[in-house]
Every structure is written in structure tokens, then in C-alpha cells.
């Protein structure tokens, strides 16, 4: 993947309709996507050279997404707040420039608000995957 603009990494939230319509959660200045796979160690006394062995395809896969910035309109802020307080799991789409898109169910795990006395009010949020994710390459 060649160098890409960080501002083109987007978080989009689904509206829950059929068909699903996605809206960019605007105003985020930083965004991070982490993909994790838990390993299952099957090393035993006869493992060659004492090297660790892992069981292929086992373990739990998980994705987490974090973002911070400002809400550029009241609708975006209200949407995030209502989803958080309801504990609702919604479909999200993460657009990664030059790489592809990841889409699937996520729950808002953290929703933080902050602000300095001489600056704007800011928000940060964290999403945890809640089911199968689908990757579509560019």
C-alpha cells in the first residue's frame, strides 16, 4: 500500500435500514483500526526443537476502532449518543484508502467528551466488533 492521506480513512455508520445506508461520522481528526487474532498454543513435549506450535484457524478474531475529533453537526453527535445509551449494535463501514473496506457489526464501547477552556469541545469513541466482519479490497 502506497502512502495515503490519513483524512481519507473514514468511519461510516449504518442507519439500520434495508438496504443499509451509511453516513460518515464527520469531524474525526484521528482514526485507528486494530485487527487482532487470539492464538491457541498447542505446544507439547515433542514439539520440534521446543518451538511453540499454534493451532491454525482457532482462537477469537476481534477488531477495534477508535476515533477522536469534533462532531461537525448535531445529527452526528445525537446518533452516536443514542446508539451508545441504547447499547445498540449497528453496522459500521471502515474505509481504508488504498486498501479496502471493512464492514460489520460494532458496539460503541467508549464515548468520551473533553474540552479545554480556550478550545473546542472534543469527542472520542471506541468501537468493538460484535460479529463477522467482511473485507472488500479496493
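Looking at (1) under 16 Å from residue 30 (Cβ atoms); (2) surrounded by fewer than 16 Cβ atoms within 10 Å (Cβ to Cβ); (3) under 12 Å from the mean Cα position of the chain (by Cα), which is the only condition residue 109 fails?
Here residue 109 meets the rest and fails (1).
Within the stretch 112-120, identify whether any single residue is touching a residue at least 40 places away in the same chain (Cβ under 8 Å), more than 17 Å from residue 16 (Cα to Cα) and touching a helix residue (DSSP H, G or I) at 6+ places or on another chain (Cβ under 7 Å), and answer yes or no.
Within the stretch 112-120, none of the residues are touching a residue at least 40 places away in the same chain (Cβ under 8 Å), more than 17 Å from residue 16 (Cα to Cα) and touching a helix residue (DSSP H, G or I) at 6+ places or on another chain (Cβ under 7 Å).
Here's a check for you: in the stretch 113-135, which residue that is part of a strand (DSSP E or B) and more than 15 Å from the chain's Cα centre (by Cα) is modelled with the lowest pLDDT?
Per the criteria, the residue is 121.
Looking at (1) surrounded by 15 or more Cβ atoms within 10 Å (Cβ to Cβ); (2) without any contact (Cβ under 8 Å) to a residue 24 or more places away in the chain, which is the only condition residue 84 fails?
All conditions pass for residue 84, except number (2).
Just one of (1) surrounded by 10 or more Cβ atoms within 10 Å (Cβ to Cβ); (2) closer than 17 Å to residue 128 by Cβ; (3) at pLDDT 85 or above trips up residue 25, so point out which.
(3)
Conditions (1) modelled with pLDDT of 90 or more; (2) farther than 21 Å from residue 9 by Cβ, marked per residue:
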site	(1), (2)
32	no, no
35	yes, no
43	yes, yes
48	yes, yes
70	no, no
96	no, no
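How about the stretch 78-93: which of its residues are on the phi < 0 side of the Ramachandran plot and modelled with pLDDT of 90 or more?
Result: 82, 83, 84, 85, 86, 88, 89, 90, 91, 92, 93.
Please verify whether the stretch 58-70 includes one or more residues that are farther than 22 Å from residue 110 by Cα and either without any contact (Cβ under 8 Å) to a residue 60 or more places away in the chain or loosely packed, with under 11 Cβ neighbours inside 10 Å (or both).
Within the stretch 58-70, one or more residues are farther than 22 Å from residue 110 by Cα and either without any contact (Cβ under 8 Å) to a residue 60 or more places away in the chain or loosely packed, with under 11 Cβ neighbours inside 10 Å (or both).
The values are calculated or read from the model by the stated rules, or taken from the named source; none is laboratory data. Quantities reported herein were computed from a predicted structural model and do not represent experimental measurements. Cβ sites come from the backbone with ideal geometry, for glycine too, and all protein chains shown count toward neighbours.
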